[in-house]
Each structure stands twice: as structure tokens, then as C-alpha cells.
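For reference, the structure is listed below as C-alpha cells.
What follows is calculated from the coordinates using simple rules that are stated; it is not laboratory data. Just so it is clear, the structure is predicted and the values come from calculations on it, not from any experiment. Glycine gets a Cβ as well: all are built from the backbone with ideal geometry, and neighbour counts include every protein chain shown.
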Amino acid sequence: MTAASVTVERIDHIEVFVPDRYDAATWYRRVLGLEIMRGPAWEWAVNLPNGPLFLASPSGTVKVSLFEGEPLRDHPPIGQAQTCFTVNAESFLRFRDQLDDLGLRNRFGERVTADQISDHKLAWAFYFTDPYGNRYELNTYDYEPVWAALKRASEVQAP
């Protein structure tokens, strides 16, 4: 087997198309805790014609670049169809507890509720879209702590 020409360390950012970058940034902050990146380089990028507005997690390890353009909505996906963000058990359970307040919808337009949790036997997940139809998954590989919390709440059966 031939060695790869590079070794990928991580994904730097994902590109998301939205009608208005700053309106979308408000949603991404409220739902995923992503903040607008500040500083000369980031401000230079956002001021380019059709330039991206970069958002990042508090650690800076997760970035989303928002571009103004036609979002996925109901179009059949071409290329990247869904992006998954991974969190720890505590964040996952907090997200679950806030679902009613977040008012998220899935790709079918149905409201996402706590009982729509997906048990993948090695991870737990919720599936939702942003207001523009871009598809997301939020998951945790902290399977046992989430299972224990759900079991205490009598919401799922033991695997």
C-alpha cells in the first residue's frame, strides 16, 4: 500500500450558504454556541465581495463559514448532505433539555423533540436543520453517561 501524500489532522471549517450571514450567525450562536470570529484577518475576509463570515466554537477548533447564497432547503443534496457536531454528554443532555426553547425542525419540517433522540448503540444523536434547510446532526460518543441519565428519567429502555 502506498503512503498517502498528506495526513489530515482535522477539518478546519465547513461552508454553509444562507440568505443573510448576520441573521444566520444569530441562529448559530443561539443553537450551537458559535461566535463571530474577530480580528483583522476575519474582518478582511467578511468584507471581500461574497466573502465568508467565520464563526467558531469557544476553543476555536470548530469553524463554520457563512456565505450568502442559496441554501439547501428542499433541493436534493449534491455533495455534502449533512454535518455532524460532536459534544460531550453534559452538552448533549443540555441540548436535549433545551429543544423546546430552541424550536428546531428536522428536514421534513417537523419540530425536533426530546423523544426523537437516535440511539446508534455507540453514540446518541439528534438531527435538525438551520432555518435555511442546511442539515445537521449533534451527537455524543459518551454513550453510557447519556444512557444512564435517560434511564433515570425512564425515557428509554436498556440496550
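Take every Cα pair under 8 Å in the chain that's 6+ residues apart, average their separations, divide by the length, and report that relative contact order as a whole percent.
On the way: 229 pairs, mean separation 31.6, N = 159.
For the chain, the relative contact order is 20 percent.
Using the Cβ-Cβ distance between residue 143 and residue 68 with R0 set to 30 Å, the FRET efficiency from 1/(1 + (r/R0)^6) comes to roughly 0.20.
Hey, what's the Cα Rg ratio for the range 80-159 versus the globular rule of thumb, 2.2 N^0.38 Å?
1.06
Modelled this way, with points 7 Å down the Cα-to-C-beta line, the labels at residue 30 and residue 15 are 2.8 nm from one another.
Jot down the per residue volume, in cubic angstrom and as a whole number, of the convex hull over the alpha-carbon atoms of the range 10-69. Can you show the working numbers first?
Values: hull volume 4.6 nm³, N = 60.
Spelled out: Cα convex hull of the range 10-69, divided by residues, is 77 Å³.
Relative contact order for the range 90-136: 30 percent, from Cα pairs under 8 Å spaced at least 6 residues apart, divided by residue count.
Give the calculated FRET efficiency between residue 88 and residue 2 to the nearest 0.05, with a Förster radius of 41 Å applied to their Cβ-Cβ distance. Could the numbers behind the result be given before it?
Values: r = 37 Å, r/R0 = 0.91.
For residue 88 and residue 2, the calculated efficiency is 0.65.
Residue 125 to residue 23: FRET efficiency via 1/(1 + (r/R0)^6), r the Cβ-Cβ distance, R0 22 Å, to the nearest 0.05? Could the numbers behind the result be given before it?
On the way: r = 27 Å, r/R0 = 1.21.
Taking R0 as 22 Å, the efficiency between residue 125 and residue 23 is 0.25.
What ranking, highest mean first, results for peptides 61-70, 101-110 when packing means the other Cβ atoms within 10 Å averaged over each residue?
61-70, 101-110
Sorted from fewest to most neighbouring beta carbons within 10 Å, what does the list 15, 144 look like?
Ascending number of Cβ neighbours within 10 Å: 144, 15.
Looking at the chain from every direction and averaging, what is the projected area of its Cα convex hull in nm²?
On the way: hull surface 49.3 nm².
Projected over every direction and averaged, the Cα hull of the chain covers 12.3 nm².
The three principal axes of the Cα atoms in the range 79-124 give end-to-end lengths of 29, 27, 16 Å, sorted in falling order.
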